[in-house]
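The values are calculated or read from the model by the stated rules, or taken from the named source; none is laboratory data. This structure is a prediction, so every number in the text was calculated from the model and none was measured. For neighbour counting, all protein chains shown are included, and Cβ atoms are generated from backbone atoms with ideal geometry for every residue, glycine included.
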Amino acid sequence: MSLLLTLSILLLICQSVASFTAPTSQATSAIRRPYNQQLNNNYSSPKIATNSLYAATTSSTTTDDIKSEYDVLIIGSGIGGLSAGALLSHYGYSVAIFESHYAPGGAAHGYSITKPNLKNSDSSDESGGTFTFDTGPSFFSGLNSNYPAKSSNPLRCILDIIDEQVPCIPYTTFGLLFPEGEFIHSSNFGKTGNVIDTISGVEGMNQWKSLMDSMEPLAKAVDAMPTAAIRADIGAALTAGMFMSNFAKLNPMENLKLTKPFKSVMDGANVHDRFITNWLDVLCFCLSGVPSDGTITAEMAMMMGEFYDDDAIMDCPIGGAKSIVDALVRGITKNGGQIT
């Protein structure tokens, strides 16, 4: 294959991968709803406690502090905006981030509820305890600084660059409550004696194995390109070109699947078991907010390795998603950046 064709394919992949590997901020009406909005007719919206999950992470400047000129203005302080601001501040640019909410974080937010006569382990108040809940991202991997970083993990790359850490508790299993019953999720999800075997039997395990075999080369393609090298313009030939040797054993035409909806890979692997397709739609929704027919394959290629490698470890940030927001905010403000 000619070098020009290979570079063209690489640029196409970079354009697609860049659309999801950079942490993004989703400013939709659903995410931006007031935290005390009633969720359904049978649910009484909680009152936000004074020590609400993000009450301590407020804007770092007032309108009186705003300068007349900055190198970069960022609208919205979701994870994407904070990540961009932290990197720009680190590299010496003057940055201001403007946020309409009372605290940064975007979708990575939560709330606290104080319940009388119900204590938690942190409460010294005999009258009750305060309980905090994340309402945004809930699956995290690769953030724990006690484990080696993967170059394909964009958020960890940013945290390392700005020299900020997010303390995490590692875990390898979590509970699942399905209509089919209660199960424990682990990296053995599709193996004999585990969830898929119990629910879908041998045929389901065969379909799962076919999918994982299809995903393996795609996961290698994602791992072959450090996130920091990915960009969506012709400059990718310079930043990504130096990693071309990592693709020597990979099929560039096969890698074009990274740009397509994950549903096409599922169909190609003949995955049609109802439970498996429903589970994969749930994973896609957790990652991108849409099911498999709207989620880019490259995103799932990275996630499937994080979930189902034999040594897969998940991270529970101590303090919830707020701790990630706080780390990025520190990265901005310590270098003179502002959030208002």
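Tabulated data
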quantity: Sole residue being closer than 23 Å to residue 80 by Cβ, within 20 Å of the chain's Cα centre (by Cα) and not in a loop (DSSP other than H, G, I, E, B), chosen from 281, 326; calculated: 326
quantity: Residue tally, condition closer than 29 Å to residue 91 by Cα and of a type in the set (D, E, K, R), over the stretch 306-340; calculated: 5
quantity: The stretch 264-280 - residue that is of a type outside the set (Val, Ile, Thr) and surrounded by 19 or more Cβ atoms within 10 Å (Cβ to Cβ) and, of those, nearest to residue 207 (Cα to Cα); calculated: 273
quantity: Qualifying residue in the stretch 285-294 (condition: assigned to a helix (DSSP H, G or I) and more than 13 Å from the chain's Cα centre (by Cα)); calculated: no
quantity: Within the stretch 188-214, tally of residues that are over 24 Å from residue 257 (Cα atoms) and either part of a helix (DSSP H, G or I) or in contact (Cβ under 8 Å) with a residue 24 or more places away in the chain (or both); calculated: 10
quantity: Verdict on residue 228 being assigned by TED's automatic domain parsing to the domain that holds residue 304, modelled with pLDDT under 95, in a helix (DSSP H, G or I) and closer than 30 Å to residue 334 by Cβ; calculated: yes
quantity: Among (1) small (Gly, Ala, Ser); (2) out of contact with any Phe, Trp or Tyr (no Cβ under 6 Å at 6 or more places or on another chain); (3) not in a strand (DSSP E or B) - the single one residue 175 does not satisfy; calculated: (3)
quantity: Condition broken by residue 114, with the remaining ones in (1) at pLDDT 80 or above; (2) exposed (fewer than 15 other Cβ atoms within 10 Å of the Cβ); (3) touching a strand residue (DSSP E or B) at 6+ places or on another chain (Cβ under 6 Å) satisfied; calculated: (2)
quantity: Search result, residues across the stretch 63-109 that are in contact with an Asp or Glu (Cβ under 8 Å, 6 or more places away or on another chain) and at positive phi; calculated: 76
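One line per residue, one yes/no per condition, for (1) among the charged types (D, E, K, R); (2) at pLDDT 85 or above; (3) not assigned by TED's automatic domain parsing to the domain that holds residue 90:
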site: 126; (1), (2), (3): yes, no, no
site: 142; (1), (2), (3): no, yes, no
site: 145; (1), (2), (3): no, yes, no
site: 157; (1), (2), (3): no, yes, no
site: 179; (1), (2), (3): no, yes, yes
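Residue-by-condition table, conditions (1) over 25 Å from residue 335 (Cβ atoms); (2) surrounded by fewer than 19 Cβ atoms within 10 Å (Cβ to Cβ):
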| residue | (1), (2) |
| --- | --- |
| 138 | yes, yes |
| 142 | no, no |
| 146 | yes, yes |
| 152 | yes, no |
| 158 | no, no |
| 161 | no, yes |
| 165 | no, yes |
| 173 | yes, yes |
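Each row is one residue, and each column tells you yes or no for (1) touching a Lys or Arg at 6+ places or on another chain (Cβ under 8 Å); (2) in contact (Cβ under 8 Å) with a residue 24 or more places away in the chain; (3) in the same structural domain as residue 134 (by TED's automatic domain parsing); (4) of a type in the set (Val, Ile, Thr).
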position: 235; (1), (2), (3), (4): no, no, no, no
position: 238; (1), (2), (3), (4): no, no, no, no
position: 258; (1), (2), (3), (4): no, yes, no, no
position: 282; (1), (2), (3), (4): no, no, no, yes
position: 297; (1), (2), (3), (4): yes, yes, no, yes
position: 331; (1), (2), (3), (4): no, yes, yes, no
